[in-house]
Amino acid sequence: MIKLIIFDLGGILIPEKKPEILEHVAKEIGCTKEQLEENLKEYDEALTKGEITLKEFYRKLLKRRGIEKKPEEIVKKHLAEYIRTSTKRNEEIINIIEKLKINYVVVALTNTEIEIGNYNKEQGLFQYFEKAFLSTEMHMKKPDAMIFKKVLQECNVTADEALFIDDKEENTEGARELGIPCILYENPKQLKKMLEIML
């Protein structure tokens, strides 16, 4: 019997607009989006696990490219673009979460960066959940099975008592490995239908 429902955030509760954000940040830096993505790839794990901040990443990038700009300015631009593109909350998803909370424990599990996680905390994005698990605070990231294991332990449930919802197939790999049932999110209507089938 399902007791715990684990929600991803980006692409479900809020939009996922990383390519658009990076395009604008790249212009600010004076490089191409592709170059920025290439550099990000190298530091993605460290950023997502909270080992470095966005400010530290941009400091390294500016130094590497010999660009005379302050990393603080680039982080400011990155946050401004994130706020512009990725913070509108999906009311239909909020309604689904509120209804689920009547019978289930509902938590969030998100891969994020330190500055973005802090911003979302300040803005009350995690208020809809009993608990929010952030990759930067857990020093683990999806799809690693260990992050799901930790969530199960903290919530005191077994794998078959949990349900994980994410919009990216690759993020469900670790959950499936542990035997956690998963829903690959497409839209609110499809999610409602899947929840009716699985709960």
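The values are calculated or read from the model by the stated rules, or taken from the named source; none is laboratory data. All values derive from a computational prediction rather than experimental measurement. Cβ sites come from the backbone with ideal geometry, for glycine too, and all protein chains shown count toward neighbours. Ligands, DNA and RNA are excluded from the accessible area calculation, which covers all protein heavy atoms including side chains. Shrake-Rupley method; radii C 1.70, N 1.55, O 1.52, S 1.80 Å.
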Problem set entry | Sulfur and carbon atoms: percent of accessible area, the chain [1.4 Å] | 48
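Roughly how many debye, to the nearest 20, is the charge dipole of segment 64-180 about its Cα centre, given +1 on each Lys and Arg Cβ, -1 on each Asp and Glu Cβ, and no other charges?
For segment 64-180, the charge dipole is close to 460 debye.
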Exercise. Taking a threshold of 25 Å on the Cα-Cα distance, which of the pairs K99/K193; K60/K149; K17/K142 fall above it?
Worked result: K60/K149
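Nearest 500 deg cm²/dmol is fine: what mean residue ellipticity at 222 nm does the chain get from its DSSP H runs of n ≥ 4 alone, each adding -39,500 (n - 2.57), divided by its residue count?
Helices in the chain give a 222 nm mean residue ellipticity of -16000 deg cm²/dmol.
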Exercise. Which value, in debye to the nearest 20, describes the size of the charge dipole of the chain about its Cα centre when Lys and Arg Cβ atoms bear +1, Asp and Glu Cβ atoms bear -1, and nothing else is charged?
Worked result: 480
Exercise. Which value, in Å³ per residue, describes the convex hull spanned by the Cα atoms of segment 1-114?
Worked result: 109
Exercise. Counting only heavy atoms of protein chains, what accessible area per residue, in Å², does the chain have with a probe of 1.4 Å?
Worked result: 52
Exercise. Counting only residues 5 or more places away or on other chains, whose amide H sits under 5 Å from the amide H of F133 once H atoms are built in the peptide plane?
Worked result: A108, L109, T110
Seminar exercise, completed: The simple spin-label model distance between E161 and E68, using points 7 Å out along Cα→Cβ, in nm, is 6.2
Exercise. Amide H to amide H, which residues 5 or more places from K3 or on other chains are under 5 Å from it, using H placed in the peptide plane?
Worked result: A162
